[in-house]
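Visitor: One structure, pasted below without further comment.
The values are calculated or read from the model by the stated rules, or taken from the named source; none is laboratory data. Keep in mind that this is a model prediction, so the values were computed, not measured. No Cβ is skipped: glycine too gets one built from the backbone with ideal geometry, and neighbour counts run over all protein chains shown. Note: areas computed on protein heavy atoms with side chains; ligands, DNA, RNA excluded. Shrake-Rupley method; radii C 1.70, N 1.55, O 1.52, S 1.80 Å.
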Amino acid sequence: MAWHRVFDHPDVMEFHGGRPAELSVYEELTARQRRHDAERGFCLWTMLDDSDRVIGFTGAQPWPQDWGPKGEIEIGWRLGREFWGRGYATAAAEATLERVRAAGVPSVVAMVLARNTRSIAVTKRLGMHLAEVFTTPTRKEEGHCYRLIL
């Protein structure tokens, strides 16, 4: 599974559990994303570079947790470490916004840990605003909910 390979780096997983996820996690995530795409017309899509290498994912999905912005659509991105700092996340997220807007989604959220300055910078480039500060229930860390009206 390409996502498993490209995310197998401690820097990439710093804000996602701190260590690489098992292959089964990505298999389940992929199956869920296929359902979202079929049902909603959007999901987390695999990102490719100019040479068709998998570099990560971006997209949108219903917020998957029992806490937080239940019922809302979350936009998200994750890139392999070697692809950071090239504008890929912002460009792909902008394309995602066009897709969810076309699907009739009125607004999106981005749930970001407060210390994840790289993702916060992407939310700002997208024009999102800080809507809520919260404490994550499992990790007990400060998180931010950014929102964008489409």
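Visitor: Local charge sum around W3 (other residues, Cβ-Cβ under 11 Å, Lys/Arg +1, Asp/Glu -1)?
Guide: Summing Lys/Arg as +1 and Asp/Glu as -1 gives 0.
Visitor: With all protein chains present, how much of the accessible area of region 86-133 (probe radius 1.4 Å) comes from carbon and sulfur, to the nearest whole percent?
Guide: 51 percent
Visitor: Please give the net charge around F134, taking every other residue with its beta carbon less than 10 angstrom from that of F134, where Lys and Arg add +1 and Asp and Glu add -1. Walk me through the numbers before you get to the answer.
Guide: Details: positive: none; negative: E132, E141, E142.
Residues close to F134 contribute a combined charge of -3.
Visitor: What accessible area per residue comes out for the chain, rounded to a whole number of Å², with a 1.4 Å probe?
Guide: 54 Å²
Visitor: Something else about it: What percentage of the solvent-accessible surface of region 1-83, computed with a 1.4 Å probe over protein heavy atoms, is contributed by carbon and sulfur atoms?
Guide: Answer for region 1-83: carbon and sulfur cover 46 percent of the accessible area.
Visitor: Place the peptides 52-63, 87-98, 24-35 in order of packing, highest mean first, counting for every residue the other Cβ atoms within 10 Å and averaging per peptide.
Guide: 52-63, 87-98, 24-35
Visitor: May I ask for the net charge around Q33, where only other residues with Cβ less than 13 Å from the Cβ of Q33 are counted and Lys, Arg are +1 while Asp, Glu are -1?
Guide: 0
Visitor: Would you list the P(r) distribution for the chain, with all Cα-Cα distances sorted into 5 Å bins from 0 and each bin expressed as a whole %?
Guide: Distribution as computed: 2, 9, 19, 23, 24, 17, 6, 1, 0 percent.
Visitor: Also: Report, in deg cm²/dmol and to the nearest 500, the calculated mean residue ellipticity at 222 nm for the chain, where each DSSP H run with n ≥ 4 adds -39500 (n - 2.57) and the sum is divided by the residue count.
Guide: Numbers: 5 runs with 51 residues, N = 150.
Computed ellipticity for the chain at 222 nm equals -10000 deg cm²/dmol.
Visitor: Please compute the Kirkwood hydrodynamic radius of region 62-150 from all pairs of different C-alpha atoms, in Å with one decimal.
Guide: Averaging 1/r across every pair of different Cα atoms and inverting gives 13.6 Å.
Visitor: What is the calculated FRET efficiency for T136 to V25, with r their C-beta to C-beta distance and R₀ = 22 Å, to the nearest 0.05?
Guide: Here the calculated transfer efficiency is 0.75.
Visitor: Can you work out the FRET efficiency for the pair E72 and H129, with r the C-beta to C-beta distance and R0 = 22 Å, to the nearest 0.05?
Guide: Using R0 = 22 Å, I get an efficiency of 0.90.
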